[in-house]
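The values are calculated or read from the model by the stated rules, or taken from the named source; none is laboratory data. If you're wondering where the values come from, they're calculated on a predicted model, not measured in any experiment. Cβ sites come from the backbone with ideal geometry, for glycine too, and all protein chains shown count toward neighbours. When the accessible area is computed, the model is the full protein with side chains, heavy atoms only, and any ligands, DNA or RNA have been set aside. Shrake-Rupley method; radii C 1.70, N 1.55, O 1.52, S 1.80 Å.
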Amino acid sequence: PHLMEGSGAGTAADQGSDVAAAAASSISDGDLEICLSVLSKLVQTPDLLNQPRFKGLRKAGHDAFVTYYDRIRFGGVSATEYKEGKASKLEKLARKQRQKAADR
């Protein structure tokens, strides 16, 4: 079956970029300015984050930025997915080396 343009189907990357575009358009310039102002104040006084009222900000910031930077560092996948893939490759290599040694 051939996917026709406009059928609503697309790749996961296409769907992800659609979600990102929708989310970006829901954040006003004013919202962004306020966020940047708060973050600037936190850079100047990082101990503010220790206050209980900033717990939500700590969690949201951690989740957003760690996810973002992990995907950059690990080639578009999460750190967990990267580690699982790497472990799988190492297991496969070890299996091949054992087989090669057994064939001698």
For the range 48-104, with every protein chain kept in place, what is the accessible area per residue (1.4 Å probe, Å²)?
90
Taking the Cβ of residue 89 as the centre, find all other residues whose Cβ is under 13 Å away and add up their charges (Lys, Arg: +1; Asp, Glu: -1).
+2
